[in-house]
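Trainee: After the structure tokens below, expect a handful of questions from me.
The values are calculated or read from the model by the stated rules, or taken from the named source; none is laboratory data. All figures in this text were calculated on a predicted structure; none of them were measured in a lab. When we count neighbours, we look across all protein chains shown, and the Cβ atoms used for this are built from the backbone with ideal geometry, even at glycine. Just so you know, the surface numbers come from the protein's heavy atoms only, side chains and all, with ligands and any DNA or RNA stripped out. Shrake-Rupley method; radii C 1.70, N 1.55, O 1.52, S 1.80 Å.
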Amino acid sequence: MKTYYNPTKNEWSSLCERPAIKSYNLEELATQIFTEIQRNGDVAVRKYTNIFDGVVPDSLKLTEQEITQSAKLIPEELKQAIQLAKTNIEKFHISQKEAKSIIETTEGVYCWRESRAIENIGIYIPGGSAPLFSTVLMLAIPAQIAGCKNIVLCTPPDKHGKINDAILYAAQLTGIKDIYCIGGIQAIGAMTLGTESVPKADKIFGPGNQYVTAAKQLALKYGVAIDIPAGPSELLIIADTTANPEYLAADLLSQAEHGSDSQVILLCTEESLAKATINEVNSQIQDLPRREIAEKALRNSKIIVFDDLESCFGLSNQYAPEHLIIACENAENYTEKIINAGSVFLGNLSCESAGDYASGTNHTLPTNGYAKNYSGVSLDSFIRKITFQKISEKGLQNIGPAIEIMAESEELQAHKNAVTIRLKDLNNV
């Protein structure tokens, strides 16, 4: 990690740059695969599963027996941990339900909104070196709470054509029954277009590598919505003199081990704290199974020392991190300074790992600066809001003349007539 001291605001933009990712003509590849899936359905899906994963499953869809058997293989300790996380995630997302509230905007004019679940949901779960069974909880639970009618899950097979047992346990626990042994671009293509086996989705959720990200962007062109633009994982920490270097290092490494293209940043107010944290990082990384991945990520990462916290918050808001830890005394006093962030962790004990797994908040968050204009996944991500209105005789008499004047000024005579005809009838009663 390179250290910077009191960079000027003119330098902030370059410091906020994310690691560049080579595209390798990903859009062209995704388009090719989507086109083949559109023409040949399951045949194309099998073809690309063989090319990319080196295996062709007997059936793309898992049977109920396969799911049940795999779920039984999970250690009891892990089952209990997953169940605790499920309980907390349910509590937090149930709290996001919005009650119908009818507003009388003018006497006799009533307006309100009602929620409707998106009917067909596709969930993608990476299954490579870090099978993200926790993401099953983060996506399936709010989908079930919202009342989504059809939920399908795609996740890639291992070299033996099998799905990670913990992913299947989490899916079973959250009520997902339609699970497909498909990964990568072909999984997103199958859920976007529909095949003989895989039903078409209205909206696709879930993280993935650059291939999955390119495929999700292409899905938009086919009229299928996606959760949020997703990229490599990232963490920014703002720390004052009360921060614990051991904790800071552990948090930085927790995100660095996600992938070699991840990025972590520490903003602090003391040079001694920066040096102590670097020493801790160098010590803790030695024992990590994913040490090589973390080391590559740290090459893209930075420590920046400022004279004051105000500058730390200023750069943080410009960076707009996916995860933000405020490792400061009385951290809750700084919440109003946070403008752009995906999810925020307040205080020295609030580690980012809590949000990844079991505190209850959702870990599907905007990356690559998209926290400036996107929220993380929530219950609202799985529903649509439909507006309703009911206008009484008195209501139309109250707002009708204004509508007539506005419509006529826009030279939309039929709009005006729709009101004038009704008002005439009411006045003749």
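Trainee: Sort out which residues of the range 242-273 are open to solvent by 60 Å² or more (accessible area, probe 1.4 Å) and either assigned to a helix (DSSP H, G or I) or small (Gly, Ala, Ser) (or both), and write them in order of number.
Mentor: GLU246, TYR247, GLU271, SER272
Trainee: Right, another one. Would you check which residues across the range 14-31 are open to solvent by less than 90 Å² (accessible area, probe 1.4 Å), assigned to a helix (DSSP H, G or I) and touching a helix residue (DSSP H, G or I) at 6+ places or on another chain (Cβ under 9 Å) and list them?
Mentor: LEU15, LEU26, LEU29, ALA30, THR31 - these are the residues of the range 14-31 that are open to solvent by less than 90 Å² (accessible area, probe 1.4 Å), assigned to a helix (DSSP H, G or I) and touching a helix residue (DSSP H, G or I) at 6+ places or on another chain (Cβ under 9 Å).
Trainee: Give the range 205-223 a look and list any residue that's surrounded by 21 or more Cβ atoms within 10 Å (Cβ to Cβ) and either under 29 Å from GLU280 (Cα atoms) or touching a strand residue (DSSP E or B) at 6+ places or on another chain (Cβ under 7 Å) (or both), or say none.
Mentor: PHE205, GLY206, GLY208, VAL212, LYS216, ALA219
Trainee: In the range 93-129, which residues are surrounded by fewer than 17 Cβ atoms within 10 Å (Cβ to Cβ), over 13 Å from ALA146 (Cα atoms) and under 21 Å from the mean Cα position of the chain (by Cα)?
Mentor: Residues satisfying the conditions are GLY128, SER129.
Trainee: Further question on the same structure: Go through the range 140-174 and report how many residues are under 14 Å from THR87 (Cα atoms) and in contact (Cβ under 8 Å) with a residue 60 or more places away in the chain.
Mentor: 5
Trainee: A follow-up question, please. Going through ILE338, ILE285, ILE278, ILE303 one at a time, which residue ends up being closer than 11 Å to LEU236 by Cα and surrounded by 15 or more Cβ atoms within 10 Å (Cβ to Cβ)?
Mentor: Selected residue: ILE303, the only one of ILE338, ILE285, ILE278, ILE303 that is closer than 11 Å to LEU236 by Cα and surrounded by 15 or more Cβ atoms within 10 Å (Cβ to Cβ).
Trainee: Suppose we keep only residues that are open to solvent by 20 Å² or more (accessible area, probe 1.4 Å) and polar (S, T, N, Q) within the range 32-52. Which one would you say is farthest from GLY231 (Cα to Cα)?
Mentor: My answer is ASN40.
Trainee: Could you list, ordered by first residue, the pairs with Cβ atoms under 9 Å in which the first is in the range 1-13 and surrounded by 11 or more Cβ atoms within 10 Å (Cβ to Cβ) and the second is among the aromatic types (Phe, Trp, Tyr) and at pLDDT 95 or above, at least 6 apart or interchain?
Mentor: Short answer, once both residue conditions are applied: TYR5/PHE306; ASN6/PHE306; PRO7/PHE306; GLU11/TYR4; TRP12/TYR319.
Trainee: Which one of ASP178, ASP202 is over 25 Å from GLY369 (Cβ atoms), surrounded by fewer than 24 Cβ atoms within 10 Å (Cβ to Cβ) and either touching a Pro at 6+ places or on another chain (Cβ under 9 Å) or hydroxyl-bearing (Ser, Thr, Tyr) (or both)?
Mentor: ASP178
Trainee: Would you point out the residue of the range 53-73, among those that are modelled with pLDDT of 95 or more and hydrophobic (A, V, I, L, M, F, W, C), that is least open to solvent (accessible area, probe 1.4 Å)?
Mentor: LEU60
Trainee: Tell me, please, whether a residue that is farther than 21 Å from LYS86 by Cβ and among the aromatic types (Phe, Trp, Tyr) can be found in the range 373-386.
Mentor: yes
Trainee: Kindly provide the set of residues from the range 274-299 that are assigned to a loop (DSSP other than H, G, I, E, B) and touching an Asp or Glu at 6+ places or on another chain (Cβ under 7 Å), ordered by number.
Mentor: LEU288, ARG290
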